[in-house]
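Novice: Attaching a single structure in structure tokens format; questions to follow.
The values are calculated or read from the model by the stated rules, or taken from the named source; none is laboratory data. Bear in mind that the values here come from a model prediction, so they are computed numbers and not experimental data. Neighbour counts run over all protein chains shown; Cβ positions are idealised from the backbone, glycine included.
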Amino acid sequence: MPEKAESRTESAGMHAYFDEIDRKLNEAYAVADAARAKGLDPEKKVDVPLARDMAERVNGIISAVAPQLNGSALIKRIKELEKKYGSLDWRVALTIANEVAEEKFCKFSSKNEAMEIGIRTGFTYHTLGIVSAPLEGFTELKIKKRHDGREYFAAKFAGPIRGAGGTAAAFSLLLTDYIRMQNGYFPYDADEQEVDRYVTELDDYHERITNLQYHASPEELKFLVQHMPVEIDGDPTEKFEVSKNKDLPRVETNRIRGGVALVLSMLALKAPKIWKELSKWGKEFGLEDWSFLKEFLIIQKNAKAGGSKDEPKETAKILPNYTFISDLVAGRPVLTYPMAFGGFRLRYGRSRLSGYSAAAIHPATMAVLKKYIATGTQLKVERPGKAASITPCDTIEGPIVKLKDESVLQFNSASDAREALPEIKEILFLGDILISYGDFLDRNHVLVPAGYTEEQYSKELEKKTVDLFGSLDFQKLSELTGVRQEIIEGISKNPLSRPDFESAIKMSEKTGLALHPAYTYYWKGITNEQLKLILFWLSSAKISEEFLQESEGTEATSRRIIKIILEKKKEEKRAIELIGLTHKCATDYVVIEGTNADLMIRAFPMLSLIKSGAAEEKIRKELDAELKTAEASSDALEAVNAISGLKIKDKAGIFIGARMGRPEKAKMRELTGSPHTLFPIGEAGGKMRSFQAAMDAGKVTSQLPIYQCPKCGAKTIFPVCENCGSSTKKLYFCEICGEIDKPKCPHGDAKSYKEQTIDINHYMGTAIQKLNINVFPDLIKGVRGMSNKDKIPENLCKGILRAKHEIYVNKDGTTRYDMTELPITHFRPSEIGTPVEKLRELGYTADAYGAPLDTPEQLVEIKPQDLILPGATYSMDEPANEVLFRIGNFVDELLVSFYALAPFYNFKTKEDVVGSLVIGLAPHISAGIIGRVIGFSDTQGCFAHPLMHAAQRRDCDGDESCVILLMDALLNFSRQYLPDKRGSRTMDSPLVLTAKLVPAEVDDMVQKLDVSWSYPLEFYDACEKYLMPGAVKMDTLGTRLGTERQYEQMGFTHDVKSMNEGMNCSAYKTLPSMEEKLKGQMELAEMIRAVDAVDVARLVIEKHFLKDIKGNLRKFSIQQLRCVGCNTKFRRPPLSGVCTKCGGKLIFTISKGFVLKYLEPSISLAKKYNVPPYLKHSLELVKRRIEGVFGKEKEKQEGLGKWFG
């Protein structure tokens, strides 16, 4: 039976793939178990257990707080509910939560505990059993009194709630309210003061602590709190108090509560998604009261449109959304304002490197944006979501620019754009941004009209053929139009191919099809008056015809080139720039040539008359007719349709606002101080925390565990005696009794550690002896002290070997490599540097079309748990292949020298890393997933199947994850190393490991991923009508669940020549100073037509510089002092004037320059761009306040006031 079930959900090839991963995984576990059994680590077994499915993961996590739950019954019930509602259905979480609260699986000490554990269980299921937010983010369920004396629910949250993700955090409120209703409690009755407190608290958190992902308006927050049936409560997380609305009777603290701010802001952000789900089944579960979200969405829409309280007009289907630009950061450029003409043109589709919150732009666009945007760079976008990681796609429209010589051209390659970059004067059109249908579906964002594209033309061609002949009879269409059949078939098979101009005209004239988009302009970018200017201008044109001799092989051919020559006129030339008509410029003339000239002559009969040498009177008469048509038309596009007699569709559509977010990332993770080992060296290590300094001192004092060897009697800090190799006995410490052999004594619980002074040279000496090395590394770094509960240190041997191999330790004993997450469904071997022979060994025997894999240029579909890691050699940090190569060598030497076992990896070159298993782990989650390395790209992104990202509860909107070499985790990870504080006990740690990816058990957002090879014509019709995405039937991953096709045979609409085509390192990372970053930002603001440079200057000052200046001035007034010798910090200066620990010199932690660094740049920026007077006055007041603290200076810091002249 099991084999039969598997055959329905995965192909034989996929089954073999999973079997191979399982085989290698078992092999690694066998070796690691043998190593751990030697007792040299905190546990005698591998501390990363495997979980078979999601139900087991849920049970495993929830049992940490409720061990009394009947695991087998809970697991069985979850699976029953999944059969009823479907895997990951919200109703499963609601039902299981209620059944736990009703004590159907076990009894609890109180009804309150039962309800709280019920909420945690449902929350754990909703978060896939892989995050710790249900345990550490949701902290408590409190029962409070309403103003009328009746009881209501208060759900308390803390900072780790962010690990749940926005939707899950918002869902936790819905879940809590469901339990409230089922148990007969009354809704929360927020009073006016409490409502105002929430508004203040979120503002304070956003302004003083950290930017919220979504900073809702006061109108949004007030409405939500007034209608929320449960109180959003939490423990204080910040040292600052709220700025007002203090001392409220039902609010326990005046300090800022981070959990409250995060959850309430996420409810505002995710309200559309919550309402979309509730509208389907909310009534069935008695959640009708949440219908207030419908009204809230109207309030939110108006707030995003700039605060208008009026209802939008019926004709205004969408409004500009300014949210993405509201928290602008200096040095990260604004690329286009909301819906600004000439910005990123929305184009629907998914490349093999986009979708799942990643978008694509042309590599040439990356180049003209002064290289600020690279592969993996995050863009904050206007719609459909909040952000997107960027990948290259060279099969969409590139940018149109104006050069310094006034010529206008379009770039179709990144190399051409890079070469011309110094000559670019203005970016008229940024080009396309490719956004998938799935992203609109997931955000529940209304479909909006996009510009006319080749893909839509291809579908219309097919429909027209069927309408004319009853089937796709391209032979008959060829006979009708006079266009060669192979051209027509080419358009159908490859929608991105372009017919020649004559064929496009014939198709339009003979069939009534719209003119192919390759031969249209942005006519909606100009007014009727500007069109009339163009017509007057064209009436004086001179048209010449030349024949260009070309040779092809042994044969000579000639190509006809038509030129339209016009006298240069400023307004008229600007008009043709605004429609994207490329042309050349001489001193006094504008020249339109080639296909552009052919098109203009065909579109405007007046030019045909001029070309044929018609009489002046006839030309004037035609001009008058065309002018009248322009006057009578509703817009320029309608006028051109009427004048030309052709059907021409809108090329513009909707433009998407965007600005730069986080730069891409690929680097080895380092803790503060870059330690090699989790071993405390106290103050003896000096400010570098080095063992060499500690060894010079001879002694180390720190809190450490106590062991005694029963064989030789020696006291030690390790579970195995470093002197004789025997297992030691654990001792405990009581302040009264001293050292005892039990964890309890008559005085209570004894500590598992005590402060000790140890001979560090003894421990280093025995470690060196065990490793059998004569010379240890020049610098070995430890930590100041242990933060785990029992103060358990790592064995020094591991730190010595890490230092030797130049790798660093993380909080849990592993070494991590962090990367920006990027999606991929198909790759070419040539892109990832892996030979075809090696790929065949890894199971890639055929390409995406079923042909045998023989060449490096064939297209291959990636397997669901395979990874392509960063291999860029010219980035700011080491690539993954070099780091993993060294980690593998470290692991092998550890196995041989420390554990006395055979090496495992045997890497000889970096290429040997290919095929290795790794653990994928994202921040805020507690469950890793096995991945396999198949190659390295020349980028800084981690390319993986969207399912792989979803298994880590991440999408690709700028998120990052890490990989851990499998054997490194199995040998070195220990829960006992994890810091004993909220958020660190379980988060970002592989507490369980998933071996096989099951699509039904990953984040359900990935089910919206569209996987078709083309979008149907009905989709484009729906966009024109502003329908919701759900109104269109599309092949998505969710429709394939439970079938073989859930893993493979996925399509994409746009190919990419190479994933390495774009910029591979953002200029934001390579520019050394803020001055250079900001200058680049402002140069782009002036260069891009779709950006308001003055407003960018205002936002930089208002949203970044002013906040920093005020914040740094406040920090200066409350700062500490620091010892230059040992880094000890003092709140107040000691009476001696020197460090009380080492006698070192004391200095301020915040300097005067740190406060002043942005003041003069702000003033010069305000002056150059003439920002609003209120902002100039604000800067002047801040300047006076600073002078009141530091006094006036005769000479300003060199350079600061000269950033902008």
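Novice: Test of understanding: among F153, F171, F186, which residue is in contact with a His (Cβ under 9 Å, 6 or more places away or on another chain), aromatic (F, W, Y), modelled with pLDDT of 95 or more and not assigned by TED's automatic domain parsing to the domain that holds E56?
Specialist: Within the list F153, F171, F186, the selection yields F171.
Novice: Pick from segment 271-315 the residues that are out of contact with any helix residue (DSSP H, G or I) (no Cβ under 7 Å at 6 or more places or on another chain) and β-branched (V, I, T): which of them is modelled with the highest pLDDT?
Specialist: The selected residue is I298.
Novice: Hey, can you tell me all the residues within segment 34-54 that are farther than 12 Å from S974 by Cα and of a type in the set (D, E, K, R)?
Specialist: Hits for segment 34-54 are K38, R52, D53.
Novice: Tally up the residues in segment 977-1027 that are under 30 Å from V783 (Cβ atoms) and in a loop (DSSP other than H, G, I, E, B), please.
Specialist: Result for segment 977-1027: 13.
Novice: Residues to consider are K79, K144, K111; find the one that is over 28 Å from D790 (Cβ atoms), touching an Asp or Glu at 6+ places or on another chain (Cβ under 8 Å), surrounded by fewer than 16 Cβ atoms within 10 Å (Cβ to Cβ) and in contact (Cβ under 8 Å) with a residue 24 or more places away in the chain.
Specialist: K144 is the lone residue from the list that is over 28 Å from D790 (Cβ atoms), touching an Asp or Glu at 6+ places or on another chain (Cβ under 8 Å), surrounded by fewer than 16 Cβ atoms within 10 Å (Cβ to Cβ) and in contact (Cβ under 8 Å) with a residue 24 or more places away in the chain.
Novice: Within segment 659-682, work out how many residues are out of contact with any helix residue (DSSP H, G or I) (no Cβ under 9 Å at 6 or more places or on another chain) and within 19 Å of E755 (Cα to Cα).
Specialist: Summing the residues that are out of contact with any helix residue (DSSP H, G or I) (no Cβ under 9 Å at 6 or more places or on another chain) and within 19 Å of E755 (Cα to Cα) in segment 659-682 gives 1.
Novice: Something else: Scan segment 1146-1187 residue by residue and report those that are part of a loop (DSSP other than H, G, I, E, B), modelled with pLDDT of 90 or more and surrounded by 13 or more Cβ atoms within 10 Å (Cβ to Cβ).
Specialist: Once the filter is applied, which keeps residues that are part of a loop (DSSP other than H, G, I, E, B), modelled with pLDDT of 90 or more and surrounded by 13 or more Cβ atoms within 10 Å (Cβ to Cβ), segment 1146-1187 yields V1171, P1172.
Novice: Which condition does K789 not pass, out of (1) at positive phi; (2) surrounded by fewer than 19 Cβ atoms within 10 Å (Cβ to Cβ); (3) under 37 Å from the mean Cα position of the chain (by Cα), if it passes all the others?
Specialist: (1)
Novice: Among the residues of segment 284-306, write down those that are among the acidic types (D, E), in a helix (DSSP H, G or I) and farther than 18 Å from P187 by Cα.
Specialist: Kept after step one, since they are among the acidic types (D, E), are these residues of segment 284-306: 284, 288-289, 295.
Keeping just the survivors that are in a helix (DSSP H, G or I) gives 288-289, 295.
Once the filter is applied, which keeps residues that are among the acidic types (D, E), in a helix (DSSP H, G or I) and farther than 18 Å from P187 by Cα, segment 284-306 yields only E295.
Novice: Still on this structure, please answer the following. Only one of these conditions is not met by N1127: (1) buried (at least 16 other Cβ atoms within 10 Å of the Cβ); (2) closer than 30 Å to V783 by Cα; (3) modelled with pLDDT of 85 or more. Which number is it?
Specialist: The failed condition is (3).
Let's see how each residue does on (1) in the same structural domain as K687 (by TED's automatic domain parsing); (2) at positive phi; (3) of a type outside the set (D, E):
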site	(1), (2), (3)
Q1120	no, no, yes
T1128	no, no, yes
L1146	no, no, yes
S1151	no, no, yes
S1162	no, no, yes
N1170	no, yes, yes
P1173	no, no, yes
K1176	no, no, yes
E1180	no, no, no
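Novice: Restricting segment 1026-1065 to residues that are of a type in the set (S, T, N, Q), modelled with pLDDT of 95 or more and buried (at least 22 other Cβ atoms within 10 Å of the Cβ), which is farthest from the chain's Cα centre (by Cα)?
Specialist: Q1046
Novice: Considering segment 1107-1131 alone, what residues qualify as being part of a loop (DSSP other than H, G, I, E, B) and either closer than 14 Å to L1156 by Cβ or not polar (S, T, N, Q) (or both)?
Specialist: Those that are part of a loop (DSSP other than H, G, I, E, B) and either closer than 14 Å to L1156 by Cβ or not polar (S, T, N, Q) (or both): I1118, V1124, G1125, C1126, R1131.
Novice: Inspect segment 106-121 for any residue being polar (S, T, N, Q) and under 22 Å from K84 (Cα atoms) and give the result as yes or no.
Specialist: Going residue by residue through segment 106-121, those that are polar (S, T, N, Q) are 109-110, 112, 121.
Within this subset, residues satisfying the condition of being under 22 Å from K84 (Cα atoms) are 121.
Within segment 106-121 (the criterion being polar (S, T, N, Q) and under 22 Å from K84 (Cα atoms)), the answer is yes, since at least one residue qualifies.
Novice: Okay, next question. State whether one or more residues within segment 965-982 are of a type outside the set (S, T, N, Q), at pLDDT 95 or above, under 19 Å from the mean Cα position of the chain (by Cα) and crowded, with 24+ Cβ neighbours inside 10 Å.
Specialist: Scanning segment 965-982, I find no residue that is of a type outside the set (S, T, N, Q), at pLDDT 95 or above, under 19 Å from the mean Cα position of the chain (by Cα) and crowded, with 24+ Cβ neighbours inside 10 Å, so the answer is no.
Novice: Cβ contacts < 7 Å: first residue at positive phi, restricted to segment 568-588; second residue at pLDDT 95 or above and assigned to a loop (DSSP other than H, G, I, E, B), any location; separation 6+ or different chain. Result?
Specialist: G580/Y521; G580/Y522
Conditions (1) under 22 Å from M1059 (Cβ atoms); (2) surrounded by 22 or more Cβ atoms within 10 Å (Cβ to Cβ), marked per residue:
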{"residue": "H826", "(1), (2)": "yes, no"}
{"residue": "I862", "(1), (2)": "yes, yes"}
{"residue": "L867", "(1), (2)": "yes, yes"}
{"residue": "T873", "(1), (2)": "yes, no"}
{"residue": "T909", "(1), (2)": "no, no"}
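Novice: With a cut-off of at least 2 residues that are among the polar types (S, T, N, Q) and either more than 24 Å from G682 (Cα to Cα) or under 46 Å from the mean Cα position of the chain (by Cα) (or both), name the strands (runs of 3 or more DSSP E) lying wholly within segment 697-741.
Specialist: 699-708
Novice: Would it be correct to say that V92 is at pLDDT below 95, surrounded by 21 or more Cβ atoms within 10 Å (Cβ to Cβ) and not polar (S, T, N, Q)?
Specialist: Judged against the criteria, V92 is not a match.
Novice: Quick one: would you say E238 is farther than 29 Å from G282 by Cα, part of a loop (DSSP other than H, G, I, E, B) and outside the structural domain of V92 (by TED's automatic domain parsing)?
Specialist: So E238 fits the description; yes.
Novice: Please specify each residue of segment 774-796 satisfying the condition of being of a type in the set (A, V, I, L, M, F, W, C) and either modelled with pLDDT under 90 or outside any loop (DSSP other than H, G, I, E, B) (or both).
Specialist: Residues satisfying the conditions are V775, F776, V783, L796.
Novice: Please determine whether any residue of segment 543-555 is β-branched (V, I, T), at pLDDT below 95, over 19 Å from E572 (Cα atoms) and outside the structural domain of T1053 (by TED's automatic domain parsing).
Specialist: Within segment 543-555 (the criterion being β-branched (V, I, T), at pLDDT below 95, over 19 Å from E572 (Cα atoms) and outside the structural domain of T1053 (by TED's automatic domain parsing)), the answer is yes, since at least one residue qualifies.
Novice: Exactly one condition in (1) surrounded by fewer than 16 Cβ atoms within 10 Å (Cβ to Cβ); (2) at pLDDT 75 or above is false for G331; which is it?
Specialist: Going through the list (1) surrounded by fewer than 16 Cβ atoms within 10 Å (Cβ to Cβ); (2) at pLDDT 75 or above, G331 breaks only (1).
Novice: I would also like to ask the following. Which numbered condition in (1) among the small types (G, A, S); (2) surrounded by fewer than 24 Cβ atoms within 10 Å (Cβ to Cβ); (3) at positive phi is the only one that G385 fails?
Specialist: (3)
Novice: Now a separate question. Exactly one condition in (1) surrounded by fewer than 16 Cβ atoms within 10 Å (Cβ to Cβ); (2) in a helix (DSSP H, G or I); (3) not assigned by TED's automatic domain parsing to the domain that holds G1030 is not met by S497; state its number.
Specialist: Going through (1) surrounded by fewer than 16 Cβ atoms within 10 Å (Cβ to Cβ); (2) in a helix (DSSP H, G or I); (3) not assigned by TED's automatic domain parsing to the domain that holds G1030 one by one, S497 breaks only (2).
Novice: If D89 satisfies all but one of (1) farther than 23 Å from L174 by Cα; (2) within 32 Å of the chain's Cα centre (by Cα); (3) not small (G, A, S), what's the number of the condition it fails?
Specialist: (1)
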